[in-house]
Amino acid sequence: MSHIAGRLMVTQGTLTTNVAKLIKKGYVERYRDDKDKRIVRLRLTDKAMPILDVHEAFHANMIDKAIGDLGLDENIALNETLEGILAYFRNEYRIKAKI
């Protein structure tokens, strides 16, 4: 869970508290790694999947509304700017973002 806390830039205590709430609601399961019992892993439950779909659709819609009217040159400039920001964070914080 420390890896997730680091990715979210929150303390492990904050993550533990929020994960406990999600477990209680049935959205997340916590389990130990088969090979290394010190490692705690999390997985989304089937109950969480519709919520994840709604969340992803919300973000896609938000991005479409924010940049949908940009022209080609503006899209290229935005992409280059975002790539520069991503490179900074990858270098500065050793973040391996999935894009």
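The values are calculated or read from the model by the stated rules, or taken from the named source; none is laboratory data. In this text, all values refer to a predicted model and were calculated from it rather than measured experimentally. Neighbour counts are summed over all protein chains in view; Cβ atoms, including those assigned to glycine, are modelled from backbone coordinates with ideal geometry.
Among (1) surrounded by 11 or more Cβ atoms within 10 Å (Cβ to Cβ); (2) under 21 Å from Tyr27 (Cβ atoms); (3) among the charged types (D, E, K, R), where does Arg43 come up short?
Just one mismatch for Arg43, condition (1).
Of all residues in segment 74-89 being surrounded by 11 or more Cβ atoms within 10 Å (Cβ to Cβ) and of a type outside the set (A, V, I, L, M, F, W, C), which is farthest from Lys25 (Cα to Cα)?
So the residue we want is Glu74.
Select from segment 38-50 the residues that are among the aliphatic types (A, V, I, L, M), within 17 Å of the chain's Cα centre (by Cα) and at pLDDT below 95 and list them in ascending order.
Looking only at segment 38-50, we keep the residues that are among the aliphatic types (A, V, I, L, M), and these are 39-40, 42, 44, 48-49.
From what is left, the residues that are within 17 Å of the chain's Cα centre (by Cα) are 42, 44, 48-49.
Within segment 38-50, Leu42 is the sole residue that qualifies.
Which of the residues spanning segment 41-73 are without any contact (Cβ under 8 Å) to a residue 12 or more places away in the chain and in contact with a helix residue (DSSP H, G or I) (Cβ under 8 Å, 6 or more places away or on another chain)?
Within segment 41-73, Ile67, Leu70 meet the criteria.
Kindly evaluate Asp53 against the criterion of being at pLDDT 95 or above and not in a loop (DSSP other than H, G, I, E, B).
Working: at pLDDT 95 or above: yes; not in a loop (DSSP other than H, G, I, E, B): yes.
So Asp53 passes the test.
Would you check which residues across segment 60-73 are of a type outside the set (D, E, K, R) and either outside any helix (DSSP H, G or I) or surrounded by 10 or more Cβ atoms within 10 Å (Cβ to Cβ) (or both) and list them?
Kept after step one, since they are of a type outside the set (D, E, K, R), are these residues of segment 60-73: 60-63, 66-68, 70-72.
Passing the criteria: Ala60, Asn61, Met62, Ile63, Ala66, Ile67, Gly68, Leu70, Gly71.
Looking at segment 23-39, I want the residues that are surrounded by fewer than 13 Cβ atoms within 10 Å (Cβ to Cβ) and have a partner that is not aliphatic (A, V, I, L, M) with Cβ atoms under 7 Å, at least 6 apart or on another chain. Which pairs are those?
Gly26/Thr45; Gly26/Lys47; Tyr31/Arg41; Asp33/Arg41
State all residues of segment 32-59 that are of a type in the set (Val, Ile, Thr) and in contact with a Lys or Arg (Cβ under 9 Å, 6 or more places away or on another chain); if no residue qualifies, say none.
Kept after step one, since they are of a type in the set (Val, Ile, Thr), are these residues of segment 32-59: 39-40, 45, 51, 54.
Hits for segment 32-59 are Ile39, Val40.
Scan segment 1-37 for residues that are more than 15 Å from the chain's Cα centre (by Cα) and among the hydrophobic types (A, V, I, L, M, F, W, C) and report the count.
Narrowing segment 1-37 to residues more than 15 Å from the chain's Cα centre (by Cα): 11-14, 16-17, 20-27, 29-37.
Add one more test, that the residue is among the hydrophobic types (A, V, I, L, M, F, W, C), and what stays is 20, 22-23.
Qualifying residue count for the region: 3.
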